[in-house]
Amino acid sequence: MNNFSPTLFTRVMLGVAVVLSAFPLYWMLVIASRTNADAIAVPPPFLPGGNLGDNIVEVLNNEDAKFLLGLTNSFIVSSVVTVSVVIISTLAGFAFANLSFKGRNLLLVLVLLTMAVPLQQMGVVPLYRLMVSLEWTGTLKAVILPYLLNGFGVFLMTQYTRQAVPMELVEAARVDGAATLRIWWNVVLPAVRPGMAVLGINTFMLMWNDFMWPLIVLTPDNPTVQIAITSLNARFSTNYTLIFAGTALSIIPLIAVFIAFGRQIVGGLMEGAVKA
Amino acid sequence: MSLDTLPRAARNNHRRARPPGRRWRSRLDVKAMPYALVSPYFLLFAAFGLFPLVFTLYYSLYDYDLAGTVEWAGLDNYTALLGDEDFWNAVVNTVAMFLIATVPQMLLALLLANALNKRFRLRLPIRMSVLLPLVTSVVAVAVVFTQLYARDWGLVNWVLSWFGVDKTNWRAERIPAWIAIATMVDWRWTGYNAIIFLAGMQTIPRDLYEAAAIDGASRRRQFWQITLPMLRPTMIFVVLNSTIGGLTLFSEPTTFYGGNVDGGSQGQFQTVAMFIVKQGFREFDYGYAAAAAWLLFLLILIGAAINFLVVQRIGGRK
């Protein structure tokens with residue numbers, strides 16, 4: 001008997017898991033493409049209707065919701081943070097993995113410790129006061145800067161670089177007379193690109209979804225997309241089609257990234273887990 | 001990098017021929033560059049990690065009020081918090097929702113990981129679809145679930161009515177609200193944790209199972225005697241992650257109440273993170289919020305320690 005061949009129970013379980021995972025998203029589509037009367041009907045409708053386009057246009061044109069601005073802001077914030085975090089982490093990961101310097105292990109332990117502290121919730125009061133004194137509240141800078149600190153990124157890139165760039169390669173380049181930065185550019189970067197992709201996708205998704213800090217430091221006038229949905233939800237609480245069209249719009253970029261990079265996301269998660 | 005590195009390397013042994021300035025520069029490069037490379041991270045850490053942490057302590061020792069006056073308070077904020085019913089209410093809510101969400105989630109994730117570890121077709125699409133919830137934004141999901149849990153027209157009450165269950169007002173009552181929020185958390189994280197468990201399972205050598213099968217161990221026995229004990233390191237990772245995430249829960253309960261941090265009309269599902277935001281940024285009592293943040297950190301440490309001890313015991317011996 002083979003332990004790795006699926007039983008009927010396994011097949012049913014996988015089927016249920018797939019259906020449950022997809023259902024709320026399907027439901028979002030159903031309500032977003034219907035009318036408000038349908039959305040509160042009992043029994044509820046189970047198939048998508050034909051109003052998706054109209055509802056999306058309504059959300060985008062809604063002056064109060066500032067939805068388009070929210071989407072744009074989220075895109076800016078997520079992209080800037082992603083690019084910066086990937087560069088910072090790749091540089092530090094290279095130093096930790098391939099270079100020797102005094103205090104290296106101590107600093108690496110410090111990185112690990114920062115990963116274990118929920119800084120976002122812990123430090124929220126001083127961070128907010130800092131943003132107030134810099135007069136940055138309500139601006140995207142206030143959302144971007146705290147998130148450039150990403151211990152997980154440094155940890156991931158250190159692990160990845162260790163495995164992808166053998167020390168001999170770095171030493172050979174060194175003997176060749178290459179300076180450290182040149183080694184990083186010519187030897188390390190090409191080798192760690194898959195790790196950078198995993199970190200980048202991860203960071204982008206986390207930023208896109210971030211909620212608590214933007215809710216504190218931004219205003220509904222200059223929202224990220226999550227704040228825009230929250231405003232919609234608060235102001236039009238019974239207008240389900242409007243809110244659902246908004247939520248559907250907000251996850252389209254994520255679903256697109258997911259479909260494009262699904263293999264890397266699954267692979268990256270699994271690799272990261274085993275190494276951690 | 002190929003074979004031609006060797007002769008060039010030999011040539012570079014005659015470094016003495018180089019101008020001294022260049023040698024000095026290359027030594028500086030080797031000695032100082034590593035620090036330069038890690039410095040962006042540590043500068044950010046100083047500004048956005050260490051500074052907030054230290055100053056949270058500082059703020060927690062002062063009393064702020066709406067008028068903007070600041071007074072030294074010593075440990076008053078902490079003693080006030082420990083006697084504050086609203087704070088304890090938030091602690092109870094947070095811990096209860098964490099338990100209601102995490103216990104079933106871990107069991108389901110283990111079962112799902114075990115199922116995902118079998119050989120079947122469509123492996124990648126199935127793995128991707130259990131991760132789908134993770135990439136969906138929390139707020140969007142909470143909005144959808146809130147509609148599904150609506151009292152009069154929600155799908156959940158409609159389905160329950162087939163079994164003769166009366167309409168539940170999920171948001172108004174305490175335990176139903178906890179359950180509703182726990183399902184949102186579980187929907188999001190069960191698949192992710194299953195994938196992490198799966199990664200751990202795949203590092204278990206197959207010979208162990210083959211040997212056990214030859215010895216006549218049933219599949220169930222193999223799961224309990226081999227899979228679970230071998231998964232312990234992965235489990236510690238997953239449980240610590242869930243502890244930090246669960247005890248700082250914010251987005252789901254906030255969205256469940258329309259983006260308001262009160263957590264229901266009676267605060268029946270206000271979490272500690274929501275309590276902090278309410279005190280700090282709705283009532284501008286910064287000192288009180290900062291003190292609550294430290295107590296939240298303490299709560300996380302206690303939670304992590306308990307979970308660590310529990311996981312250590314899983315799978316028997318050692």
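In peptide A:10-21, what is the residue-averaged number of other protein chain Cβ atoms found within 10 Å of each Cβ?
That average works out to 6.
Would you grab the residues whose amide H sits under 5 Å from the one on residue B:63? Only those 5+ places off in sequence or on another chain, please, with H modelled 1.01 Å from N.
Placed amide hydrogens put B:71, B:72, B:73 under 5 Å from residue B:63.
Label residue B:202 and residue B:167 with points 7 Å out from Cα along Cα→Cβ: what is the distance between them in nm?
Roughly 4.9 nm, to one decimal.
Need the C-alpha centroid separation for region A:123-202 versus region A:220-276, integer Å.
Comparing the Cα centres of region A:123-202 and region A:220-276, I get a distance of 24 Å.
State, as an integer percentage, the relative contact order of region B:212-315 based on alpha-carbon contacts under 8 Å between residues 6 or more apart.
31 percent
Taking just the C-alpha trace of region A:1-152, give me its Rg and Dmax in Å.
Rg then Dmax for region A:1-152, in Å: 24.0, 68.
Would you mind giving the mean number of other chain beta-carbons within 10 Å of the Cβ of each residue in A:109-122, as a whole number?
Mean partner shielding for this stretch: 5.
Suppose R0 equals 22 Å; then what is the FRET efficiency for residue B:46 and residue A:101 from their Cβ-Cβ distance, rounded to the nearest 0.05?
0.75
Tell me the chymotrypsin sites (Phe, Trp or Tyr not before Pro) within region A:1-75 that lie in a loop according to DSSP and have at most 14 other beta-carbon atoms within 10 Å. Each step should come with its number before you reach the end.
Values: sites: A:4, A:9, A:26, A:27, A:46, A:67, A:75; in loops: A:4, A:46.
Passing both the DSSP loop test and the Cβ count: A:4, A:46.
Kirkwood Rh and Cα-based Rg: tell me the resulting Rg over Rh for chain B, rounded to two decimals. Provide the component values of the computation, followed by the final result.
Numbers: Rg = 27.0 Å, Rh = 24.1 Å.
With Rh from the inverse mean 1/r over Cα pairs, Rg/Rh is 1.12.
Take peptides B:176-189, B:55-68, A:113-126 and line them up by average Cβ neighbours within 10 Å, highest first, as a rough protection proxy.
Per-residue Cβ counts within 10 Å, averaged per peptide and sorted highest first, yield B:176-189, A:113-126, B:55-68.
Using Cα-Cα distances under 8 Å and only pairs 6 or more residues apart, what relative contact order does chain A have, in percent? Working shown, then result.
Working: 279 pairs, mean separation 87.1, N = 276.
For chain A, the relative contact order is 32 percent.
Would you mind computing the Rg to Rh ratio of region A:141-276 from its alpha-carbon coordinates, Kirkwood style for Rh?
Value, to two decimals: 1.13.
Quick check: pseudo-label points 7 Å beyond the Cα along Cα→Cβ at residue B:107 and residue A:72, how many nm apart are they?
5.1 nm
Using only Cα atoms, find the angle between the long axis of helix A:52-61 and the longest principal axis of chain A, and express it within 0 to 90 degrees, rounded to the nearest 10.
70 degrees
What angle do you read, to the nearest 10 degrees and between 0 and 90, between the alpha-carbon axis of helix A:67-98 and the longest principal axis of chain A?
That helix lies at roughly 20 degrees to the long axis.
How large, in Å, is the protein assembly as shown by the Kirkwood hydrodynamic radius built from its alpha-carbon pairs?
Result for the protein assembly as shown stands at 26.2 Å.
Going by how many other Cβ atoms sit within 10 Å of their own, how do A:100, B:26 line up, fewest first? Please list the in-between numbers first.
Working: A:100 9, B:26 17.
Going from least to most buried by this count: A:100, B:26.
Arranged by the count of other C-beta atoms within 10 angstrom, fewest first, what order do B:206, B:171 take?
Ascending Cβ contact count within 10 Å gives the list B:206, B:171.
On a 0 to 90° scale, report how tilted helix A:225-235 is relative to the longest principal axis of chain A, with both axes built from alpha carbons and the result rounded to the nearest 10.
Result, in degrees: 30.
At q = 0.11, 0.12, 0.20 Å⁻¹, work out log10 I(q)/I(0) for region A:63-235 with the Debye formula, treating every Cα as an identical point scatterer and leaving solvent out; two decimals please.
Result of the Debye calculation: -0.56, -0.64, -1.23.
Add -39500 (n - 2.57) for each DSSP H run of 4 or more in the protein assembly as shown, then divide by its residues: what number comes out at 222 nm, to the nearest 500 deg cm²/dmol?
Value at 222 nm, helices only: -22500 deg cm²/dmol.
On the first, second and third principal axes, largest extent first, how far apart are the outermost C-alpha atoms of region B:224-293 in Å?
53, 26, 16 Å, listed from the longest principal axis down.
Read-outs: derived from the displayed coordinates by stated rules, not from any lab. Owing to the predicted nature of the structure, the values given are computational and were not obtained by experimental measurement. Note that we place each Cβ from the backbone using ideal geometry, even for glycine, and neighbour counts take in every protein chain shown.
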